[in-house]
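The values are calculated or read from the model by the stated rules, or taken from the named source; none is laboratory data. From a predicted model like this one, the values you see are computed outputs, not experimental measurements. All Cβ positions, glycine included, derive from the backbone under ideal geometry; neighbour counts span all protein chains shown.
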Amino acid sequence: MNSPKPTRPRIALFEPRIPQNTGTIGRTCLAFDLALDIIKPTGFSFDDKYLKRAGLDYWSDVDLNLFESFHNYRNKFINSRLIALTKKSDNAISNINFKNTDILLFGREDTGLPNNIINECEVVAGIPMPGGENQLKTGGVRSLNLSVACGIVCYSVCLQLNLLVK
């Protein structure tokens, strides 16, 4: 008899715009056994060849869930803690004690998470960047690519929660 699958954090993308990023994030979610929730509207069709190419032949195996609006999404997961991941935060992801029921919310590639959405979240955090624009006198990296940031956060959360064990 199989035991029930333990609860795991979820990845949520707020209005993603670039199909390649979403495809790569889908593959990352599958690798870490995390659900991928997409809050519409998106900047692409799910028939997009770039989405499928980035997700490779794994795309059909991703635990993918689509939501028509942030309001609908938030109402579906009222018992989960929503964590906004944004470059606007000085609170490092390493400061957070993650829970298996957390939702890790990422914003659009072009504008990030709007303030009204960030204000709905229980925790706001970011990835420390020693080479970031606020750290170097000569200027630095403004932000990480969405799929790269998502990969860093997924690994960090799963490591902390001991979810990397086979």
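Hey, can you tell me all the residues within the stretch 140-158 that are surrounded by 11 or more Cβ atoms within 10 Å (Cβ to Cβ) and farther than 20 Å from ALA12 by Cβ?
Those that are surrounded by 11 or more Cβ atoms within 10 Å (Cβ to Cβ) and farther than 20 Å from ALA12 by Cβ: GLY140, VAL141.
Yes or no, residue by residue, for (1) under 12 Å from the mean Cα position of the chain (by Cα); (2) part of a loop (DSSP other than H, G, I, E, B); (3) buried (at least 22 other Cβ atoms within 10 Å of the Cβ); (4) among the polar types (S, T, N, Q):
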| residue | (1), (2), (3), (4) |
| --- | --- |
| ILE25 | yes, no, yes, no |
| ASP47 | no, yes, no, no |
| HIS71 | no, no, no, no |
| ALA84 | yes, no, yes, no |
| SER89 | no, yes, no, yes |
| PHE98 | no, yes, no, no |
| LEU104 | yes, no, yes, no |
(message) Just to be sure I understand, how many residues within the stretch 108-139 are modelled with pLDDT of 85 or more, assigned to a loop (DSSP other than H, G, I, E, B) and among the β-branched types (Val, Ile, Thr)?
(response) 2
(request) Would you mention how many residues in the stretch 87-133 are on the phi > 0 side of the Ramachandran plot and in contact with a helix residue (DSSP H, G or I) (Cβ under 8 Å, 6 or more places away or on another chain)? (result) 0
(message) Please go through the stretch 83-116 and give me each residue that is in contact with an Asp or Glu (Cβ under 6 Å, 6 or more places away or on another chain) and free of Cβ contacts under 8 Å to residues at least 60 places away in the same chain, ordered by number.
(response) ILE83
(request) Would you mind telling me which numbered condition in (1) surrounded by 21 or more Cβ atoms within 10 Å (Cβ to Cβ); (2) farther than 23 Å from LEU164 by Cα; (3) at pLDDT 90 or above; (4) of a type outside the set (Asp, Glu) ALA12 fails? (result) (2)
(request) Return a yes/no flag: does the stretch 35-46 have any residue that is among the β-branched types (Val, Ile, Thr) and modelled with pLDDT of 95 or more. (result) yes
(request) Considering (1) crowded, with 19+ Cβ neighbours inside 10 Å; (2) modelled with pLDDT of 90 or more, say which one ALA54 fails and leave the rest. (result) (2)
(request) Of the numbered conditions (1) modelled with pLDDT under 95; (2) within 21 Å of GLN20 (Cβ to Cβ), ASP90 fails exactly one; give the number of that condition. (result) (2)
